[in-house]
Amino acid sequence: SAVISQKPSRDICQRGTSLTIQCQVDSQVTMMFWYRQQPGQSLTLIATANQGSEATYESGFVIDKFPISRPNLTFSTLTVSNMSPEDSSIYLCSVDPSRGPNYGYTFGSGTRLTVV
Amino acid sequence: AQKITQTQPGMFVQEKEAVTLDCTYDTSDPSYGLFWYKQPSSGEMIFLIYQGSYDQQNATEGRYSLNFQKARKSANLVISASQLGDSAMYFCAMRYNNNDMRFGAGTRLTVKP
């Protein structure tokens, strides 16, 4: 299945600053997904990123706060802008490796963000 | 609206015994996929097993099996012969026609020696 390299693995940031998270996939994939996992919670979809088009955001998430880039079929970034302590979460990218559903979606190792 | 429900915040099981983690779902789409993921304390998401809505047989992968009851809209995960390394969060998820995946609240499984 696809292998995803997600960076950084963790970071501690000052409120009001921004952090960009990168996901590099070892194969071309059509769709990439960005999730947020708040402490002790489940995964919540932030947006779906397709190459060559604007990302599609879920209710409660806006582009100004979470801008996403998808310059090609193997790479995407998520920026968490103007951070506050409420943004402290694990952020994960995910892809459908398109090898069939039996392989599931592949996830990056996650970015553990702490905002102070 | 599609919804995934896991009603067990935490479960305990004795090592070498079997345990069932519950998952119910709600969708009006005839075509969907159901997944189970394991999340150890390291935070990575590990895919365990998949069940398609049209699959006639319950999915199995090693010690993992999925008890799929379509009429009841349930997709419970059964872990046989539990091991200490099975202690983790377990998430049930559903994918439907727009390809993104929605997750349940999760169940924290603790395996006792």
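The values are calculated or read from the model by the stated rules, or taken from the named source; none is laboratory data. These numbers come from a predicted model, not from an experiment. In this analysis, Cβ positions are derived from the backbone assuming ideal geometry, glycine residues included, and neighbour counts consider all displayed protein chains. To get the accessible areas, we keep the full protein, side chains included, count just its heavy atoms, and leave off ligands, DNA and RNA. Shrake-Rupley method; radii C 1.70, N 1.55, O 1.52, S 1.80 Å.
In the range B:41-58, what residues are within 14 Å of another protein chain (Cβ to nearest Cβ) and either over 11 Å from the mean Cα position of the chain (by Cα) or in contact (Cβ under 8 Å) with a residue 60 or more places away in the chain (or both)?
Passing the criteria: B:S41, B:S42, B:G43, B:E44, B:M45, B:I46, B:G52, B:S53, B:Y54, B:D55, B:Q57, B:N58.
Only one of B:K38, B:K73 is in contact (Cβ under 8 Å) with a residue 40 or more places away in the chain and on the phi > 0 side of the Ramachandran plot; which?
None of the others qualify; the one that does is B:K73.
Would you check if there is a residue in the range A:66-85 being closer than 27 Å to B:G10 by Cα, in contact (Cβ under 8 Å) with a residue 24 or more places away in the chain and touching a Phe, Trp or Tyr at 6+ places or on another chain (Cβ under 9 Å)?
Looking through the range A:66-85, none of the residues is closer than 27 Å to B:G10 by Cα, in contact (Cβ under 8 Å) with a residue 24 or more places away in the chain and touching a Phe, Trp or Tyr at 6+ places or on another chain (Cβ under 9 Å).
What strands (runs of 3 or more DSSP E) completely inside the range B:1-58 contain at least 2 residues that are open to solvent by less than 30 Å² (accessible area, probe 1.4 Å), closer than 16 Å to B:F91 by Cα and touching a strand residue (DSSP E or B) at 6+ places or on another chain (Cβ under 7 Å)?
In the range B:1-58, B:19-21, B:33-39, B:46-52 are the strands (runs of 3 or more DSSP E) which contain 2 or more residues that are open to solvent by less than 30 Å² (accessible area, probe 1.4 Å), closer than 16 Å to B:F91 by Cα and touching a strand residue (DSSP E or B) at 6+ places or on another chain (Cβ under 7 Å).
Quick check on my filter: what residues within the range B:81-112 are modelled with pLDDT of 95 or more and away from chain A (no Cβ under 12 Å)?
Listed by number, the residues that qualify are B:A81, B:S82, B:Q83, B:L84, B:G85, B:D86, B:S87, B:A88, B:L109, B:T110, B:V111, B:K112.
Do we have B:Q8 as of a type outside the set (F, W, Y), in contact with an Asp or Glu (Cβ under 7 Å, 6 or more places away or on another chain) and closer than 20 Å to A:Q41 by Cβ here?
yes
Scanning the range B:81-96 for residues that are of a type outside the set (K, R) and in a strand (DSSP E or B), which turns out most open to solvent (accessible area, probe 1.4 Å)?
Filtering first and then ranking leaves B:M89.
Return only the number of the condition from (1) within 12 Å of chain B (Cβ to nearest Cβ); (2) buried (at least 20 other Cβ atoms within 10 Å of the Cβ); (3) more than 22 Å from B:Y37 (Cα to Cα) that A:D96 does not satisfy.
Of (1) within 12 Å of chain B (Cβ to nearest Cβ); (2) buried (at least 20 other Cβ atoms within 10 Å of the Cβ); (3) more than 22 Å from B:Y37 (Cα to Cα), only one is false for A:D96: (3).
Name the one entry in B:R108, B:R72 that is surrounded by fewer than 20 Cβ atoms within 10 Å (Cβ to Cβ) and part of a strand (DSSP E or B).
B:R108
Please verify whether the range A:47-56 includes one or more residues that are of a type in the set (V, I, T) and either in a loop (DSSP other than H, G, I, E, B) or in contact with a Cys (Cβ under 6 Å, 6 or more places away or on another chain) (or both).
no
For the condition of a type outside the set (G, A, S), in contact (Cβ under 8 Å) with a residue 24 or more places away in the chain and loosely packed, with under 12 Cβ neighbours inside 10 Å, what is the one hit in A:Q24, A:Q37, A:Q14, A:Q28?
From the options A:Q24, A:Q37, A:Q14, A:Q28, the qualifying one is A:Q14.
Determine, yes or no, whether A:P67 is modelled with pLDDT of 95 or more and more than 30 Å from B:Q8 (Cβ to Cβ).
Here the answer is yes, as A:P67 does meet what is asked.
Counting only residues that are at pLDDT below 95, in a loop (DSSP other than H, G, I, E, B) and either under 14 Å from A:T74 (Cβ atoms) or of a type in the set (V, I, T) (or both), how many does the range A:1-46 have?
So the answer is 7.
Give the residues of the range A:66-80 that are farther than 14 Å from A:A55 by Cβ and assigned to a loop (DSSP other than H, G, I, E, B), sorted by residue number.
Matches in the range A:66-80: A:L73, A:T74.
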